[in-house]
Each structure stands twice: as structure tokens, then as C-alpha cells.
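The values are calculated or read from the model by the stated rules, or taken from the named source; none is laboratory data. On a predicted model such as this, the values are computed, not experimentally measured, just so you know. Here the Cβ positions follow ideal geometry from the backbone for every residue, glycine too, while neighbour counts run over all protein chains shown. Calculation scope for accessible area: heavy atoms of the full protein, side chains included, ligands and nucleic acids excluded. Shrake-Rupley method; radii C 1.70, N 1.55, O 1.52, S 1.80 Å.
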Amino acid sequence: MQQTYETYIGIGANLGQPERNVNAAIAQLKQLPDSRLIAQSGLFRSAPQDADGDDYVNAVVQIHTTLSAPQLLTELQSIETTFGRTRPYWHAPRTMDLDILLYGTEQIDSAILTIPHPHLTQRAFVLLPLLQINPDIHIPGLGAAQDFLSNVAKQSIHAL
């Protein structure tokens, strides 16, 4: 029997119709192979962090998956492509951005993937929706996610 990983995925968009895109991406995440969507946060609007363009709409979902982390990354990049995601430069505005935030208790640092996501504790648009789903979650190697709220206290974010 394959191991199931409790995984959290960050979702964001600021091009096109971001709110509609985020909801459509959540619908596609429900269809991931060998995975089951367990929970989703509400939607949040936030100003870009180290990025260009209009405000973002963000959310986080929790899934259980037997996909490996690289397989899951490939699936997420495929979904991004269906939304017309391009990467003209680092932190460019985007129609869809899907990031693996946590993958079970794994800590991965490879050429293609870093988990926990390296900015998880520094961005309100990720940390607040994550805590909305699981207020007691711990970040492998770092501790309780709640302990990082002071890092993001001054960032502008609004529930939709």
C-alpha cells in the first residue's frame, strides 16, 4: 500500500479574472490523480510581494495524495499551463500559480523543489489561509505555523 501524504498547496493569480481562476483551479485540484481534496481556505486578496502587477487572489487547499512530490509538482505545472501560465521573468504577474507548501513531514531541497516552501513563514497570503484550514499545523524543521504570525502582521491582506 502506498503512503498517503497530507499536502498543502498554495494557489494565487493576479491576471485575467483572478477570483474565477482560483476557484477553477480548486475544481481542477479535486480531479488530481491518486489524490483527494480534504479542505480549502477562503479566498484572500493581497498586494504583490516581491512581484509586479495587480493584487492577487490567494487560497490554500489541503489534499491527501499518494503521488510523489515530483509527480505532484508535474501535475500542478500542467494545471498552471491550462490557465496560460507563462514565466517571462522571476515573479512576473500570473494567471495561475500553484505551489506545494507542505508535503507530509518531508523536508525536500532539490534542484526542482523546496519543501516546506521557502517563503511560507514570510507571506500572509500563504500563512493565513493555511492557518484557516489547520490552526495547529507545524512546519517541518521550523515549528508551529502560529509562531510566525508576527512575521506577516504588517502585510495587507483581506478576506473576500
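So, in the range 121-154, of the ones that are touching a residue at least 24 places away in the same chain (Cβ under 8 Å), open to solvent by less than 20 Å² (accessible area, probe 1.4 Å) and of a type in the set (A, V, I, L, M, F, W, C), which residue ends up nearest to T81 (Cα to Cα)?
The qualifying residue nearest to T81 (Cα to Cα) is V126.
Would you mind telling me which numbered condition in (1) in a loop (DSSP other than H, G, I, E, B); (2) on the phi < 0 side of the Ramachandran plot G141 fails?
Among (1) in a loop (DSSP other than H, G, I, E, B); (2) on the phi < 0 side of the Ramachandran plot, the lone unmet condition for G141 is (2).
Give the residues of the range 139-157 that are closer than 18 Å to E106 by Cβ and touching a helix residue (DSSP H, G or I) at 6+ places or on another chain (Cβ under 7 Å), sorted by residue number.
The answer is I139, A145.
Step by step: first the residues of the range 95-116, then only those that are within 25 Å of A159 (Cβ to Cβ) and open to solvent by less than 40 Å² (accessible area, probe 1.4 Å), then the one that is modelled with the lowest pLDDT. Which residue is that?
Among those that are within 25 Å of A159 (Cβ to Cβ) and open to solvent by less than 40 Å² (accessible area, probe 1.4 Å), it is T95.
Please tell me if P70 is at pLDDT 95 or above and more than 14 Å from the chain's Cα centre (by Cα).
yes
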